[in-house]
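The values are calculated or read from the model by the stated rules, or taken from the named source; none is laboratory data. Worth saying up front: this structure is predicted, and the values here are computed from it rather than measured. Positions of Cβ are generated from backbone atoms using ideal geometry, with glycine treated the same way; all protein chains shown enter the neighbour counts. The accessibility values were calculated without ligands, DNA or RNA, using every heavy atom of the protein model including side chains. Shrake-Rupley method; radii C 1.70, N 1.55, O 1.52, S 1.80 Å.
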Amino acid sequence: MPRAVYLLALGIFAMVTSEFVVAGLMPQMADGLDATIPEIGYLITAFAAAMAFGGPFLTIALLKTRQKSALLVLFGIFLAGNVLAALAPDYRTMLVARVITGIASQAFFGVSISMCAELTRPDVRGRAIAVALNGLMLGTLLGLPLSTVIGEHLGWRAAFWAITGLTVLAALATLAGVPRTERADDGSGEGSSDGARGLRQELGAFRSPRLWLTLTTSTFVIGATFSAFSYLNPILTEVTGFSTGAVPLLLIAYGAATVIGNTAVGRFADKHTVPVLLTGLLLNLAFLAGFALFAQLSLAAVMLMMGIGLVGVTMNPALVTRVQRTGNARPLVNTVHSSFITLGIIIATSVGGPAIDTFGLRAPLWIGAALAALGLVTLLPDLKRLREARTTPEIAGVDPQIATAAHSQAPEPTSTPEPTSTPTPTPATAKETTPRIEA
């Protein structure tokens, strides 16, 4: 695995830690900014909304920039927003800072995932994406508790300054260790003087209805998981009966489960994309429904919570692989995909709160189960194509998953307006489209 992939994971870790830090320091930030707890909660919503709706536009603005240069620009924007947060004298300034960092982090995710595709062979891209996305999992496992401890002992501003230092470290590591990539001229804007044509090439992928269905699957998968994750603390204390002191340890265990699950999914995401997603959604549906039914039992609650950690957000490598095969591996598609993932988080948190008021703390778990079921419905067309691929005589002897990706998941011809566009390479064409790496 190229060293650069691990450096991309470090950058993602820094940004995810910044995303989660508010959740761990709500009382301190409320006191320091003369705000209420619900108002501090809106900072989380603002960050997510900025990611979902602002990230793609920033990515479009950077389409003509080399990907390594784009990463450094995004580090700079994110760093400015984080410093503004650390210095914020009032709530409005903090709100602006969260919007800036949210937009930058979403674009960073998209460009980073695209770079993983550029730096690795097609047959190991899923594994590379899993390595990069371990930065997200470690943000849950280590970033949130560490920033919370710093904030509790040194003040909430110190937590933001610590994230600033981590961001500078990640930016310097990226500058020194991530190579510049140069694609063949595919009209994406790199290597082409026609910026307008490059934008048309990027937008052309979104003419495929299949891509929109694939993106919707990601919304349901992540929404199902965050329906539970967003309310684990009150569920574990008020329904299961754990003490507040035990919850951080349980959340660390949950984070460890996500790291394990993410690594395992990355191993199978390339060759068995759809079966992995089918298995993950079925298991997550069972874990969420089981958690809702048996949340009052300590052992069952912990086991089911760990199960959600293993098969929930850890589907990301398979989700990314499926989107790249359906659309392409370029930055805009990856950023829009991240926006659909964030949309799942927004849905989960916005629906879960009112549902608790009406039906109690188990309601988000049932909502998660319903979202997982909807995710299964969006997989049905791919499952049908996969079954047809297994029985089609002319592709007998070919791996069914690869056959399905090659024959059915590629973008429709009408989705690419320019004949010079190069589709995302399949394993069969990898040799011809391997990117050139400049020192």
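Please pick out the residue among Ala158, Ala162 that is open to solvent by 30 Å² or more (accessible area, probe 1.4 Å) and small (Gly, Ala, Ser). First the steps, then the outcome.
Details: Ala158 fails: open to solvent by 30 Å² or more (accessible area, probe 1.4 Å).
Within the list Ala158, Ala162, the selection yields Ala162.
Is there any pair with a first residue in region 273-301 that is touching a residue at least 60 places away in the same chain (Cβ under 8 Å) and a second that is loosely packed, with under 15 Cβ neighbours inside 10 Å and basic (Lys, Arg) whose Cβ atoms are under 6 Å apart and which are 6 or more apart or on different chains, and what are they?
none
Go through Tyr91, Tyr42 for me and flag whichever is open to solvent by 60 Å² or more (accessible area, probe 1.4 Å) and out of contact with any Asp or Glu (no Cβ under 6 Å at 6 or more places or on another chain).
Working: Tyr91 fails: open to solvent by 60 Å² or more (accessible area, probe 1.4 Å).
It is Tyr42.
Yes or no: Leu288 buried (at least 23 other Cβ atoms within 10 Å of the Cβ) and within 17 Å of Leu371 (Cα to Cα)?
Yes; evaluated as a whole, the condition is true for this residue.
Residue-by-condition table, conditions (1) part of a helix (DSSP H, G or I); (2) within 30 Å of Arg180 (Cβ to Cβ); (3) of a type in the set (S, T, N, Q); (4) touching a Cys at 6+ places or on another chain (Cβ under 8 Å):
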{"position": "Asp31", "(1), (2), (3), (4)": "yes, no, no, no"}
{"position": "Ala50", "(1), (2), (3), (4)": "yes, yes, no, no"}
{"position": "Phe57", "(1), (2), (3), (4)": "yes, yes, no, no"}
{"position": "Leu63", "(1), (2), (3), (4)": "no, yes, no, no"}
{"position": "Val73", "(1), (2), (3), (4)": "yes, yes, no, no"}
{"position": "Ala80", "(1), (2), (3), (4)": "yes, yes, no, no"}
{"position": "Val83", "(1), (2), (3), (4)": "yes, yes, no, no"}
{"position": "Ile103", "(1), (2), (3), (4)": "yes, yes, no, no"}
{"position": "Ala107", "(1), (2), (3), (4)": "yes, yes, no, no"}
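Only one of (1) open to solvent by less than 10 Å² (accessible area, probe 1.4 Å); (2) within 30 Å of Leu33 (Cβ to Cβ) is not met by Gly110, so which one is it?
Only one criterion in (1) open to solvent by less than 10 Å² (accessible area, probe 1.4 Å); (2) within 30 Å of Leu33 (Cβ to Cβ) is unmet by Gly110, namely (2).
If you scan region 209-250, which residues turn out to be aromatic (Phe, Trp, Tyr), in contact (Cβ under 8 Å) with a residue 24 or more places away in the chain and part of a helix (DSSP H, G or I)? Before the answer, list the steps.
First, pick out the residues of region 209-250 that are aromatic (Phe, Trp, Tyr): 212, 220, 226, 229, 231, 242.
If we keep only those that are in contact (Cβ under 8 Å) with a residue 24 or more places away in the chain too, we end up with 220, 226, 229, 231, 242.
The answer is Phe220, Phe226, Phe229.
Which one is least open to solvent (accessible area, probe 1.4 Å), of the residues in region 212-266 that are more than 23 Å from the chain's Cα centre (by Cα) and of a type in the set (Gly, Ala, Ser)?
The extreme case among them is Ala246.
Could you please let me know if Val83 is β-branched (Val, Ile, Thr), within 23 Å of Ile150 (Cα to Cα) and within 19 Å of the chain's Cα centre (by Cα)?
No; evaluated as a whole, the condition is false for this residue.
Just name the residue that is farthest from Leu172 (Cα to Cα) out of those in region 61-71 that are touching a residue at least 12 places away in the same chain (Cβ under 8 Å) and open to solvent by 60 Å² or more (accessible area, probe 1.4 Å).
Result: Lys64.
Taking the condition farther than 18 Å from Val73 by Cβ, at pLDDT below 85, in a helix (DSSP H, G or I) and hydrophobic (A, V, I, L, M, F, W, C), does Ala159 pass?
Answer is no for this residue.
For region 392-415, state whether one or more residues are modelled with pLDDT of 85 or more and either open to solvent by 30 Å² or more (accessible area, probe 1.4 Å) or touching a strand residue (DSSP E or B) at 6+ places or on another chain (Cβ under 7 Å) (or both).
No, region 392-415 has no match at all.
Which one of Gly81, Gly76, Gly139 is open to solvent by less than 30 Å² (accessible area, probe 1.4 Å), touching a helix residue (DSSP H, G or I) at 6+ places or on another chain (Cβ under 9 Å) and more than 14 Å from Phe160 (Cβ to Cβ)?
Of Gly81, Gly76, Gly139, the one residue that is open to solvent by less than 30 Å² (accessible area, probe 1.4 Å), touching a helix residue (DSSP H, G or I) at 6+ places or on another chain (Cβ under 9 Å) and more than 14 Å from Phe160 (Cβ to Cβ) is Gly139.
From (1) hydroxyl-bearing (Ser, Thr, Tyr); (2) assigned to a helix (DSSP H, G or I); (3) within 25 Å of Glu202 (Cβ to Cβ), pick out the condition that doesn't hold for Thr93.
With respect to (1) hydroxyl-bearing (Ser, Thr, Tyr); (2) assigned to a helix (DSSP H, G or I); (3) within 25 Å of Glu202 (Cβ to Cβ), Thr93 is out only on (3).
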